[in-house]
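Each remark here refers to the structure printed beneath this line.
The values are calculated or read from the model by the stated rules, or taken from the named source; none is laboratory data. What you see is a predicted model, and the numbers here were worked out from it, not measured in a lab. Here the Cβ positions follow ideal geometry from the backbone for every residue, glycine too, while neighbour counts run over all protein chains shown. The area values use the complete protein model at the heavy-atom level, side chains included, leaving out ligands, DNA and RNA. Shrake-Rupley method; radii C 1.70, N 1.55, O 1.52, S 1.80 Å.
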Amino acid sequence: MPLKILVGTQWGDEGKGRIVDLLSAQSDIVARYNGGDNAGHTVTVTEHTFKLHLIPSGIIHPHTLGILGNGLVINPKSLIAEIEMLRESGVKVSPERLKISFGAHLITPGHISIDRAREATLGKGLIGTTGRGIGPAYTDKVSRKGLRMVDMLDLPLFEEKMRLHVQKINYDLSIYYQTAPLPEDKIVHEYLEYARQLREYIVDTGAMLDIALHEDKLVLAEGAQGMLLDVDHGSYPFVTSSNVTATGVFSGLGIGICAVDNVIGATKAFQSRVGAGPFPTELDGEMATRLRGTGAQPWDEFGTTTGRPRRVGWLDGVLLRYARRINGLTDLVLTKMDVLSGLPEIKVCTAYQDKNGESYAIPPMGISSLDQFQPVYESLMGWTEDITQVRDWDDLPENARAYIRFVEYTSGVRVMMASVGPERSQVVEVPA
Ligand code: IMP
């Protein structure tokens with residue numbers, strides 16, 4: 001069946017938005033299966049830069065249908081604002097072009113307040129969440145008291161459920177967090193209005209996808225965040241609350257396990273992370289500033305959702321091998337190669353060493369204890385040429401080609417494409 005999966009192989013922000021945009025040119029449907037508006041996808045098309053948080057970036061192509069699967073947690077206020085932003089930029093978004101699963105869960109101001117209040121109590125154990133209510137919304141989901149999109153279709157019942165929800169949150173806020181209660185009436189009326197605006201978008205997206213796949217329509221499943229933030233396989237507890245990995249596609253879209261054409265891993269040519277948690281190859285000082293950029297450009301290393309400067313470091317080949325194993329990666333797209341231009345030496349971590357000097361190709365107990373290891377690096381020679389205008393493999397400097405081949409060697413996955421700048425056309429196909 002014609003399903004492609006795109007997943008971030010690092011801690012998010014690998015440049016998936018622009019890859020989705022590229023792959024969408026050949027897709028009929030682009031579907032998100034996890035997360036919420038904690039995600040941030042930046043797509044640059046000529047002079048237009050779109051920053052999307054919820055709607056699949058493939059929607060920018062006029063022929064695609066966008067789907068928000070049941071695995072998502074959706075803040076209706078953000079969603080409506082994004083629909084309006086896209087419309088203002090000339091991208092048509094209507095119930096014909098965007099479908100929302102009845103099973104997706106809702107994020108409310110209550111979840112956002114709990115997220116922020118909880119973080120404020122964590123001290124050193126702070127996760128550094130995006131503050132978008134993601135964790136509390138998924139907590140409600142698994143504790144079987146969540147609010148779902150389908151609830152919005154029965155307004156009297158929805159009003160009742162919303163009231164109960166706000167009352168329960170207000171109880172938690174005052175008893176556990178000693179913070180002010182939220183205005184129940186205001187929130188309930190706001191959400192009833194969102195329900196009126198969104199009801200036509202809510203359908204059984206799993207059934208739609210099943211039919212589409214049987215009709216050989218091309219479906220692209222777009223992951224949000226990166227797999228190292230997966231709740232099961234990431235650097236727990238410094239993770240998000242959803243299944244980011246490729247296996248999350250089936251439960252998050254409501255389709256059966258079917259043949260997948262490719263599992264494509266988006267990988268930045270170096271490594272970045274926002275929020276707290278271990279990061280073995282992290283750099284500081286001048287080199288970090290050099291990789292991060294100043295924030296003057298939309299593609300510099302500052303959070304799309306929060307604006308926080310990202311932590312940056314050398315590419316971690318150990319974690320890339322781990323990402324290959326958990327996701328069954330068939331291909332990689334290596335992004336931001338142009339940022340490495342001008343560096344005399346580029347390092348790649350190929351193994352870890354513990355304090356007794358023992359070496360590991362893969363951490364022995366998953367990746368939660370990454371801070372116990374020192375990275376072992378391989379040094380590669382850099383290149384001085386500006387590569388932003390290069391479109392052919394043969395025109396890349398020899399050392400840039402050698403870097404890409406080294407990434408293939410260390411990860412065990414072929415690189416299908418490398419990006420050399422933020423614009424849609426700035427990519428180089430990599431021959432096998
Ligand atoms: P949450 O998803 O807001 O609960 O945040 C949990 C962790 O995931 C924090 O470290 C966030 O910074 C990180 N995170 C969540 N979404 C993204 C993303 O789209 N890109 C990068 N990091 C993210």
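Annotations
- Evaluation of ILE112 against the conditions (1) open to solvent by less than 70 Å² (accessible area, probe 1.4 Å); (2) among the hydrophobic types (A, V, I, L, M, F, W, C); (3) over 23 Å from ARG273 (Cα atoms) shows that the sole unmet condition is (3).
- THR294 passes every criterion in (1) away from the ligand (no atom under 16 Å from the Cβ); (2) over 30 Å from SER78 (Cα atoms); (3) surrounded by fewer than 19 Cβ atoms within 10 Å (Cβ to Cβ) apart from (2).
- Number of positions in segment 394-409 that are among the hydroxyl-bearing types (Ser, Thr, Tyr) and within 15 Å of LYS268 (Cβ to Cβ): 1
- Screening LEU319 with (1) more than 14 Å from the ligand (Cβ to nearest atom); (2) open to solvent by 50 Å² or more (accessible area, probe 1.4 Å); (3) modelled with pLDDT of 95 or more gives one miss only, at (2).
- Considered as a group, the residues in segment 214-228 that are in a strand (DSSP E or B) and more than 12 Å from ALA266 (Cβ to Cβ) include one that is nearest to the ligand (Cβ to nearest atom), and that residue is ALA221.
- Residues located in segment 31-52, provided they are surrounded by fewer than 24 Cβ atoms within 10 Å (Cβ to Cβ) and either of a type in the set (D, E, K, R) or modelled with pLDDT of 95 or more (or both): GLU47, LYS51
- Considering each residue of segment 265-276 in turn, at least one proves to be within 16 Å of the ligand (Cβ to nearest atom), in a strand (DSSP E or B), touching a strand residue (DSSP E or B) at 6+ places or on another chain (Cβ under 9 Å) and hydrophobic (A, V, I, L, M, F, W, C).
- Just one of (1) free of Cβ contacts under 8 Å to residues at least 60 places away in the same chain; (2) within 21 Å of SER419 (Cα to Cα); (3) buried (at least 17 other Cβ atoms within 10 Å of the Cβ) fails for VAL348. It is (1).
- When restricted to residues that are open to solvent by 60 Å² or more (accessible area, probe 1.4 Å), of a type in the set (A, V, I, L, M, F, W, C) and away from the ligand (no atom under 15 Å from the Cβ), segment 120-161 contains 2.
- Of residues in segment 228-251 being closer than 25 Å to ALA207 by Cβ and within 14 Å of the chain's Cα centre (by Cα), the one surrounded by the most Cβ atoms within 10 Å (Cβ to Cβ): VAL244
- Residue tally, condition closer than 16 Å to MET337 by Cβ and more than 15 Å from the ligand (Cβ to nearest atom), over segment 298-316: 2
- Any hit, segment 54-67, residues being of a type in the set (Ser, Thr, Tyr), open to solvent by 10 Å² or more (accessible area, probe 1.4 Å) and more than 13 Å from the ligand (Cβ to nearest atom): no
- Qualifying residue in segment 23-30 (condition: out of contact with any Gly (no Cβ under 6 Å at 6 or more places or on another chain), at pLDDT below 90, of a type in the set (Asp, Glu) and more than 14 Å from the ligand (Cβ to nearest atom)): no
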